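The values are calculated or read from the model by the stated rules, or taken from the named source; none is laboratory data. Quantities reported herein were computed from a predicted structural model and do not represent experimental measurements. Backbone-built Cβ (ideal geometry, glycine too); neighbour counts: all protein chains shown. Areas reflect the complete protein model, heavy atoms only, side chains present, ligands, DNA and RNA absent. Shrake-Rupley method; radii C 1.70, N 1.55, O 1.52, S 1.80 Å.
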Amino acid sequence: MINKIALIAGIILPLWNIPLIVRIIRRRSSKDLSIFWALGVWVCFLAMFPSGIRSRDIIYRTFTYVNFFFFTLVMVFTVLFHK
């Protein structure tokens with residue numbers, strides 16, 4: 001039961017990036033986000049990615065894929081809309 005809850009949370013947690021992405025697109029600006037923060041966090045996720053996808057833990061592996069995908073979108077839109 002605990003693993004099922006953790007797996008669901010690992011999928012849902014990165015979805016909180018969607019409102020941030022939508023806000024950036026609607027405002028056509030990412031001025032309230034630091035480009036260094038977005039790139040720094042993304043580089044850290046990139047460094048952790050190989051370990052995450054090789055993990056035998058399905059929860060960590062799933063979280064790695066979902067989080068990397070959605071934060072990559074955040075980083076891309078932050079860079080594209082940074083003025």
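A few points about this structure:
- Counting only residues that are open to solvent by less than 70 Å² (accessible area, probe 1.4 Å), farther than 22 Å from P19 by Cβ and either without any contact (Cβ under 8 Å) to a residue 40 or more places away in the chain or touching a Phe, Trp or Tyr at 6+ places or on another chain (Cβ under 6 Å) (or both), segment 52-78 holds 4 of them.
- Summed over segment 31-43, residues that are in a helix (DSSP H, G or I) and open to solvent by less than 80 Å² (accessible area, probe 1.4 Å) total 6.
- Filtered residues of segment 44-75 (kept if assigned to a helix (DSSP H, G or I) and among the hydroxyl-bearing types (S, T, Y)): S51, Y60, T62, T64, Y65, T72
- Here F81 passes the criteria (1) under 12 Å from the mean Cα position of the chain (by Cα); (2) open to solvent by less than 40 Å² (accessible area, probe 1.4 Å); (3) of a type outside the set (G, A, S) except the one numbered (1).
- Within segment 1-12, residues that are closer than 12 Å to I58 by Cβ sit with their Cβ atoms under 6 Å from residues that are open to solvent by less than 100 Å² (accessible area, probe 1.4 Å) and of a type outside the set (A, V, I, L, M, F, W, C), at 6+ positions apart or across chains, in these pairs: G10/T62.
- Selection count where residues are β-branched (V, I, T) and in contact (Cβ under 8 Å) with a residue 40 or more places away in the chain, scope segment 26-43: 1
- Among (1) without any contact (Cβ under 8 Å) to a residue 40 or more places away in the chain; (2) open to solvent by less than 60 Å² (accessible area, probe 1.4 Å); (3) in contact with a helix residue (DSSP H, G or I) (Cβ under 9 Å, 6 or more places away or on another chain) - the single one L46 does not satisfy: (2)
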